[in-house]
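See below for the structure under consideration.
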Amino acid sequence: MFIATATLTPAKSSGVTVTLPDFWCLACGTEGGADVTLNVALFIPLGVALALLRVSPLRAFVIGAALSMAIEAAQRVGVPGGRVASVSDLLTNSVGTLLGASIAWHHRRWLRPSRGAAVVFSVVSMIVVASFLGFTGWALGRDPYRPVSFGQVGLVQSKGAFAAGYGWYQGTVSRVLVSGVQFGQTGNGPVILFGSSGNNLHGEVEIDGRDERREFVPFLSVQGAHPRVPEMMLGQKNIDALMHVRLRGSQLRLPGPSLVLRNAFVAPGAVHRTVRFAVETERWTLSSTAGTQTLAAGLPVSLSLGWTLFQTVVHVGDRLALVVTLLWLFVLWLPVGYWCALAGAPADAIDRRVGNLQRWQFVAAGLVALLLTMWLVPRAMGIAATLPQEWMLSVASMAVGVFLATRFYHYIPPQ
């Protein structure tokens with residue numbers, strides 16, 4: 001039912017004009033990398049359910065491929081509206097089913113491994129988690145436009161106030177200040193700037209009135225070497241202000257976070273507003289002043305935002321965002337604690353004191369790997385240092401893994 005709801009309901013229009021991907025495209029569009037991840041994750045529960053029904057992983061793969069083929073065939077003929085079929089969906093859905101079935105089919109091998117296997121799992125999990133967080137740290141870093149020797153130096157204003165793929169902004173942008181350079185225009189429509197902006201972006205935009213549509217409409221776009229993915233885009237979505245920044249992950253078609261300032265455009269009519277923004281390597285800020293009312297929002301670019309790279313359903317500021325953020329680091333470090341606890345103390349240890357000593361040696365090694373990863377990755381990748389709540393959550397997730405291994409290991413039937 002969940003898969004049918006996610007794949008066979010009409011897609012909601014965002015008001016953004018996009019080019020439909022080719023059927024044979026494997027990672028299409030500016031968010032193609034996230035779509036691949038979502039498609040795999042969507043079919044993992046199906047694979048798990050089939051394995052629980054004693055369906056082998058190979059047969060589960062065939063079932064997942066057949067179901068995906070039926071869905072793609074329906075989308076190919078336009079059912080439902082707004083959906084686009086692609087061979088990427090067929091492949092990733094099938095892989096997701098196979099992955100879910102394989103995990104569930106061999107779950108005792110993962111949950112109750114031998115001591116030798118637990119040692120391997122603990123070492124591999126530490127390396128994998130550290131590498132994965134290193135990748136997400138890289139992807140969350142800014143990717144500013146670097147002009148070549150004969151390229152554009154500094155920012156210049158476009159002669160036409162038109163942001164390709166987006167609606168025409170109905171408010172009047174009277175003045176724009178970006179990185180100390182002032183621009184202005186008469187009439188409505190967005191301000192489009194081209195050229196190099198440097199590592200940090202900061203400035204303000206003065207606006208009279210607002211746009212009355214609900215979809216995202218930019219009033220400022222700073223274009224670099226990638227016209228389809230601006231360095232920074234600032235606009236209005238319904239009554240909120242929204243800012244999106246080009247990150248290194250966009251090279252792999254991963255979306256990343258956006259900063260939302262709630263109720264920045266709640267006042268109707270021809271109200272004069274000043275929207276201020278700052279984009280730094282470690283933190284983004286956004287504020288709006290209308291009359292005597294000032295609203296502000298900030299976003300530290302830290303490792304806990306890694307989940308925004310791999311999905312397009314939940315956004316920063318949504319009600320589910322806090323839950324997803326908590327689960328992000330928790331799910332990553334829990335297996336490390338679990339396998340480290342199992343690697344040090346076999347169930348049949350003759351001398352329990354020796355077994356406990358070995359267990360805590362492995363747990364200490366996992367904790368050292370956690371501390372080094374959470375400290376070094378932000379420094380190496382140029383993002384915000386690990387926040388106190390991220391430290392606490394990571395250590396707590398490892399502690400939960402150790403607790404599960406020491407308390408509930410014997411309740412799992414052997415392979």
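Values as computed for the structure displayed
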quantity	calculated
Square roots of five times the Cα gyration tensor eigenvalues for the stretch 155-300, Å	22, 17, 15
Along principal axes, Cα extents of the stretch 268-401, largest first, whole Å	80, 28, 25
Fewest-first sequence of Tyr169, Tyr409 by Cβ atoms within 10 Å of each Cβ	Tyr409, Tyr169
For Ala41, net neighbour charge (Lys/Arg +1, Asp/Glu -1) across residues whose Cβ lies under 15 Å away	-3
Two-site FRET efficiency, Arg109 against Thr281, from Cβ-Cβ distance with R₀ of 41 Å, rounded to 0.05	0.45
Least to most buried among Val62, Val222, Val316 (fewest other Cβ within 10 Å first)	Val62, Val316, Val222
Calculated from backbone phi, Karplus (6.51, -1.76, 1.60) coupling profile of the stretch 94-108 in Hz, x at Gly/Pro	5, 5, x, 5, 5, 5, x, 5, 5, 5, 6, 5, 10, 5, 5
For Arg283, residues with placed amide H under 5 Å, excluding near neighbours	Val301
Calculated FRET efficiency for the pair Arg319/Val181, C-beta based, R₀ 45 Å, to 0.05	0.70
Contact order normalised by residue count of the stretch 155-300, Cα under 8 Å, 6+ apart, percent	19 percent
Per-residue ³J(HN,Hα) for the stretch 115-127, Karplus 6.51 cos²θ - 1.76 cosθ + 1.60, θ = phi - 60°, Hz, x for Gly and Pro	4, x, 5, 5, 4, 4, 4, 5, 5, 5, 5, 4, 5
Residues Leu42, Leu329, Leu259 arranged by fewest to most Cβ contacts within 10 Å	Leu42, Leu259, Leu329
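Read-outs: derived from the displayed coordinates by stated rules, not from any lab. All of these numbers come straight from a predicted model, not from anything done at the bench. Neighbour counts run over all protein chains shown; Cβ positions are idealised from the backbone, glycine included.
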